[in-house]
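J.: Submitted below is the structure of interest, expressed as structure tokens.
The values are calculated or read from the model by the stated rules, or taken from the named source; none is laboratory data. These numbers come from a predicted model, not from an experiment. We place every Cβ from the backbone using ideal geometry, glycine too, and count neighbours over all the protein chains shown. Side chains included, ligands, DNA and RNA excluded: accessible areas come from the protein's heavy atoms. Shrake-Rupley method; radii C 1.70, N 1.55, O 1.52, S 1.80 Å.
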Amino acid sequence: MVDFDYNIVEEAAKQTYIKALTDLPPDVRQALHRAYERESQPAAKEIFQAMFKAIEIADNKKTLVCQDTGLPIYIMKVGGDFPWNGAEIKKRLVEGASRATLEFPFRGSSTHILTRINPQNSVGHGLPVIYWDFVEGSDTLEMLMIPKGSGSENMSTMKMFIPADGKAALKKFVLDAYIASGSNPCPPGIIGVGIGGTADLVMRLAKEAIARPVGQRSEDPEIAEMEVELEEAINATGIGPMGLGGDISTLAVHIEWAYTHITQNPVAVNTQCWPARRARATIHPDGKVEYGF
Ligand code: SF4
């Protein structure tokens, strides 16, 4: 194994958290502008203008797009040829998230479940959330950082369906979940839907779905068709930007799926709010780091 400096991982964990909070991905910016053009309601258009103002202030002052700094989530893809020390990488992700909070500085949103004491560093027992996957034939470490605010995360829901319920029941569940969430997830954002796997995997799939670039369709044509149908149905609700009425209630519906048990069909919904924050770092074995979204 090459002698790799894991300080680089810690710095990337810090920088991606800050980047995600202060710099919106280009696809999100473009999707918001497209939504503004499509929106016909004057009051809804004004809400889009307020969003554009918040982005402009964040760009000019290098500050946060939204005050809810969320809980840190890192989706890691480890190349089979990357110098892998999992325990060390995990330790560096914790430290990087903590340092981002303390050194930027911004509000730490993590808290103890009973005492409600906030350590003010965004981490704590069980945090940050870290997902691992491994990629054959790659020598990079891919880090995708998502800060998840509570307005959208609190609207998460899942249900264990059975195969006899059929596709229509799945779509109705997603639509009902979105209607029930109303203005809470600060629409219009991305609706992440997970289908299949087990009770825990299905929510992870929904979380990975919100991390896709806006409108990137599923590679499976039937799933892609379902994404379009759900987008049209959700926009037809008239919930609109910030839940105050309008033509655009979602920027996109993304579905991630997995095979499941022959007698079950779990579905999960994880909503992302309008800033759809995320940031990415690609770390090479020589220590080079590329930042993006
Ligand atoms: S749901 Fe999103 S946009 Fe709304 S307050 Fe929370 S982080 Fe901010």
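J.: Pulled fully out, how much extra length does the chain show between Leu201 and Glu88, if you take 0.36 nm times their separation in residues and subtract their Cα-Cα distance?
T.: Additional length available on full extension: 38.2 nm.
J.: In terms of the Cα gyration tensor, with a ≥ b ≥ c the square roots of its eigenvalues, is the chain rounded because a/c is under 1.5, prolate because a/b exceeds b/c, or oblate?
T.: Because a/c hits 1.5 or more and a/b fails to exceed b/c, the chain counts as oblate.
J.: Restricting to bridges with both residues inside the chain, how much of the DSSP beta-bridge set is antiparallel, in percent to the nearest 5?
T.: About 65 percent, rounded to the nearest 5.
J.: Still on this structure: Around Gly80, under 14 Å between beta carbons, what's the net of Lys plus Arg minus Asp minus Glu among the other residues?
T.: After counting each charged neighbour, the total is -4.
J.: Next question, about the same structure. If you add up the charges near Lys19, with Lys and Arg at +1 and Asp and Glu at -1, over every other residue whose beta carbon is less than 10 angstrom from its beta carbon, what do you get?
T.: Its environment carries a net charge of +3.
J.: With just the Cα atoms defining each centre, how far is the stretch 230-293 from the stretch 95-148? Give it in Å.
T.: Distance between centres, Cα-based: 20 Å.
J.: Okay, moving on. Over the stretch 219-271, what is the relative contact order in percent, taking alpha-carbon pairs closer than 8 angstrom and at least six residues apart?
T.: 27 percent
J.: Hey, another quick one. State, as an integer percentage, the relative contact order of the stretch 161-293 based on alpha-carbon contacts under 8 Å between residues 6 or more apart.
T.: That works out to 37 percent.
J.: Oh, and also: Which Cys residues of the chain have no other Cys beta carbon under 4.7 Å away?
T.: If one checks each Cβ against the other cysteines of the chain, Cys66 turn up with nothing under 4.7 Å.
J.: A further question follows. How many nm is it between the label spots at Ser138 and Asp286, if each spot is 7 Å from the Cα in line with the beta carbon?
T.: Label at Ser138, label at Asp286, 2.0 nm between them.
J.: Once fully extended, how much extra length lies between Ala169 and Lys62, figured as 0.36 nm per residue of separation less the alpha-carbon to alpha-carbon distance?
T.: 34.1 nm
J.: Note down the magnitude of the dipole of the chain about its Cα centre, charges +1 on Lys and Arg C-beta and -1 on Asp and Glu C-beta and zero elsewhere, to the nearest 20 debye.
T.: Computed about the Cα centre, the dipole is about 960 debye.
J.: Have a look at the DSSP beta bridges in the stretch 151-272 and tell me what percent are antiparallel, nearest 5.
T.: So the antiparallel bridges in the stretch 151-272 amount to around 60 percent.
J.: Among Val123, Gln67, Gly240, pick out the residue whose Cα is farthest towards the positive end of the charge dipole of the chain, where Lys and Arg carry +1 and Asp and Glu carry -1 on C-beta, about the Cα centre.
T.: Positive-most Cα among the choices belongs to Gln67.
J.: Then there's this: Helix-only mean residue ellipticity at 222 nm, the chain, DSSP H runs n ≥ 4 weighted -39,500 (n - 2.57), per residue, nearest 500. What is it?
T.: Computed ellipticity for the chain at 222 nm equals -12500 deg cm²/dmol.
J.: Determine the per residue accessible area of the chain with all protein chains present and a 1.4 angstrom probe, expressed in square angstrom.
T.: About 46 Å² of surface per residue is accessible.
J.: In addition: Share of the chain's accessible area from carbon and sulfur, percent, 1.4 Å?
T.: C and S atoms contribute 54 percent here.
J.: Would you mind classifying the stretch 151-272 by shape? Square roots of the alpha carbon gyration tensor eigenvalues, ordered a ≥ b ≥ c; an a/c under 1.5 is rounded, otherwise it is prolate if a/b is larger than b/c and oblate if not.
T.: Note, shape of the stretch 151-272 comes out prolate.
J.: What does the charge dipole of the stretch 151-272 about its Cα centre add up to, to the nearest 20 debye, if the Cβ of each Lys and Arg holds +1 and the Cβ of each Asp and Glu holds -1?
T.: It works out to roughly 280 debye.
J.: A further question on this structure: Only helices at least 27 Å long along their own axis, judged from Cα atoms, and with Kyte-Doolittle mean hydropathy of -1.0 or greater: name those in the chain from DSSP H.
T.: Counting only whole DSSP H runs, the qualifying helices are 42-61.
J.: In debye, nearest 20, what is the charge dipole magnitude of the stretch 76-144 about its Cα centre with +1 on Lys and Arg Cβ and -1 on Asp and Glu Cβ, if you could check?
T.: The dipole of the stretch 76-144 has a size of about 520 debye.
J.: Also: Simple spin-label model, 7 Å along Cα-to-Cβ: Ile179 to Asp220 in nm?
T.: About 2.6 nm, to one decimal.
J.: Taking 0.36 nm per residue of separation and subtracting the Cα-Cα distance, what length does fully extending Tyr259 through Thr237 add?
T.: Fully extending the segment from Tyr259 to Thr237 adds 4.9 nm.
J.: Tell me the net charge near Val129. Cut-off is 11 Å between Cβ atoms, Val129 excluded, with +1 for each Lys or Arg and -1 for each Asp or Glu.
T.: Every neighbour counted, the sum reads +2.
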